[in-house]
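Accompanying notes for the structure given below.
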Amino acid sequence: MKIALASDHGGLALKERVKEFLEGEGFEYEDLGTFDTGPVDYPDFALKAAEGVREGRFQRGIIMCGTGLGVSMAANKVPGIRAALCGDCFSARAAREHNDANILTMGERVTGPGLALEIVKVFLQSSFQGGRHQRRIDKIEEIEKRYGGGRENN
Ligand code: RB5
């Protein structure tokens, strides 16, 4: 499993913590920026990770900004992306088991680093349960198609 990491300046410090954690756990990842504290626009970095996941270069993404909200909104505009903003472990598990989320987003100004790393761990260890949940994912994809997104509109 290869993981795309990205953040704006508001999520940079948390991205560095997540990187250390992934390295320690032996996960393969790529850091798509930002790389310094200069102000940048979060959609640019959310898009890099979301496109990488959509294109299959990464199996998961973890994106951070100040709140986790902006990167989540931007990533979810990319068809096939299910980005989940999580601030607790219960949601992180459900995001994978029920929603088959392929991107985790978090807010550095909201969630402390200790909890954030637990959320990452749960998100990466949990698996989609399928069954009735697949029907609901299919309906999300129907909505994407209705509005011009979806996999057939590459
Ligand atoms: C940047 O100041 C901040 O707006 C951004 O990191 C994020 O919180 C947006 O949703």
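Against the test of being under 22 Å from VAL40 (Cα atoms), away from the ligand (no atom under 16 Å from the Cβ) and open to solvent by 30 Å² or more (accessible area, probe 1.4 Å), the options GLU51, GLU97 yield a single qualifying residue, GLU51.
Looking only at residues of the range 78-89 that are small (Gly, Ala, Ser) and free of Cβ contacts under 8 Å to residues at least 60 places away in the same chain, we find that the one that is surrounded by the fewest Cβ atoms within 10 Å (Cβ to Cβ) is GLY87. For first residues located in the range 127-151 and within 14 Å of ALA95 (Cα to Cα), partners that are open to solvent by less than 70 Å² (accessible area, probe 1.4 Å) and lie 6+ apart or on another chain with Cβ distances below 6 Å form the pairs PHE128/ASP100; GLN129/GLU97; ILE137/ASP100. Checking each residue in the range 55-72 for being within 16 Å of the ligand (Cβ to nearest atom), open to solvent by 60 Å² or more (accessible area, probe 1.4 Å) and of a type outside the set (A, V, I, L, M) picks out only THR67. Taken as a whole, the structure places ALA92 among residues that are open to solvent by less than 20 Å² (accessible area, probe 1.4 Å), in contact with a Lys or Arg (Cβ under 9 Å, 6 or more places away or on another chain) and among the small types (Gly, Ala, Ser).
Restricting attention to the range 118-135, the residues that are open to solvent by 20 Å² or more (accessible area, probe 1.4 Å) and at positive phi add up to 1.
Does the range 2-17 contain at least one residue that is under 26 Å from GLY131 (Cα atoms) and within 15 Å of the ligand (Cβ to nearest atom)? No, the range 2-17 contains no residue that is under 26 Å from GLY131 (Cα atoms) and within 15 Å of the ligand (Cβ to nearest atom).
ALA75 meets all of the listed conditions (1) over 15 Å from PHE21 (Cβ atoms); (2) open to solvent by 10 Å² or more (accessible area, probe 1.4 Å) but one, namely (2).
The values are calculated or read from the model by the stated rules, or taken from the named source; none is laboratory data. Treat the numbers as computed from the prediction; the structure is a model and nothing was measured. Here the Cβ is made from the backbone with ideal geometry for all residues, glycine too, and neighbour counts use every protein chain on show. In case anyone asks, the SASA skips ligands and DNA or RNA and just uses the protein heavy atoms, side chains included. Shrake-Rupley method; radii C 1.70, N 1.55, O 1.52, S 1.80 Å.
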